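Here the structure is laid out as structure tokens; the discussion comes afterwards.
Please treat every number below as a calculation from the coordinates, not as lab data. On a predicted model such as this, the values are computed, not experimentally measured, just so you know. Every residue, glycine among them, receives a Cβ derived from its backbone with ideal geometry; neighbour counts consider all protein chains shown.
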Amino acid sequence: MREPSHRSGFVAFVGRPNAGKSTLMNALVGEKVAIMSSRPQTTRRAIRGIVSRPDAQVIVVDTPGLHRPRTLLGQRLNDLVRETLAEVDVIGFCLPANEKVGPGDEWIARELADARVPVVAIVTKLDTVAPAKVAEHLMRVSELADWADIVPVSSVKDVQMDVLLDVIVARLPLGPPLYPAGEVTDEPLEIRIAELVREAALEGVHDELPHSIAVVVEEMVEREQASDDPRVPLLDVRVQLYVERDSQKGIIIGKGGARLKEVGATARASIEHLLGRKVFLDLHVKIAKEWQRDPKQLGRLGF
């Protein structure tokens, strides 16, 4: 009998902060699974997105950016990346085309030198630079290590995304699908909602604040059907935003609560798009002093 040709497995995207990993994963999945922001270190979890096609199923794992940690949270995120890399079938090392290969990239390349699985170098953000610069960047990337392959892509312009997927699939083991058809992630709903709130809170804030924001969904309660009007919320979602200092709480809330209302409106629209239904979003801001450095508080916040 002929051997089955279906392949399935895990690929982890790794790279320094803001290398385009989350955008890349969302583009491959075809749906927003990981939140995106121009702020470095937006991703704080190993988020799985599922790409299914007739001949393969690829579980893409988006990881936090590897960096030199300054807090216990940073150290734990780096540890999470290393644990994830030890459990996947392929590693995709993301290097943005619009930034020079630097010491951080060289450090990650050394970290990956002993990887037991194929490492594919992925040059992201291809649409942001001129072709001549791309050629120069590819040459520099090729000098970093003996990669299994090098694939330049643009997630935004859908350039070579099919090529990248083919390269990944070719290196996965033979096997049946690991998730039912139609699933795009195994992230719990509460986590996805919390991340959408954090994404909204990250926009337009000061540089020091993004790393100090943590979000937890405390309660989701179904309302009794009181109206046939589709505009009436049928789900109450209570969310707590944590910051480290009084000044940060003031920034999040804004003058007269204007900033928090803006965050709520943006997040509610994203949540309603995710759920396909109206929600009532109740946001609260609380101070958890130095939570990034406190093991107990990190545990309570899910890190």
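Laid out as a table, the results:
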| read-out | value |
| --- | --- |
| Proxy reagent accessibility, fewest Cβ within 10 Å first, across F10, F280 | F280, F10 |
| Matching label, Rg/Rh (Cα atoms, Kirkwood Rh) computed from the structure shown, candidates (1) 1.10; (2) 0.99; (3) 0.96 | (2) |
| Spatially proximal aspartates and glutamates relative to K278 (Cα-Cα < 13 Å; intrachain offsets below 8 disregarded) | E222, D228, D229, D236 |
| Fewest-first ranking of W291, W107, using other Cβ atoms within 10 Å as the exposure measure | W107, W291 |
| Highest-fluctuation residue, S22, S154, S212 considered, GNM on the chain with Cα pairs under 10 Å | S212 |
| Backbone HN-Hα couplings from phi across region 7-17 [Karplus 6.51/-1.76/1.60, Hz, Gly and Pro as x] | 10, 8, x, 10, 10, 9, 8, 10, x, 6, x |
| Among R110, R223, R76: highest mean-square fluctuation, GNM of the chain, C-alpha pairs under 10 Å | R223 |
| Lys, Arg +1 and Asp, Glu -1 on Cβ, resulting dipole of the chain about Cα centre, debye, nearest 20 | 780 |
| Neighbour-count ranking [beta-carbon atoms within 10 angstrom, fewest first] of R171, R48 | R171, R48 |
| GNM top mover of M161, M139, M25 - the chain, alpha-carbon springs below 10 Å | M139 |
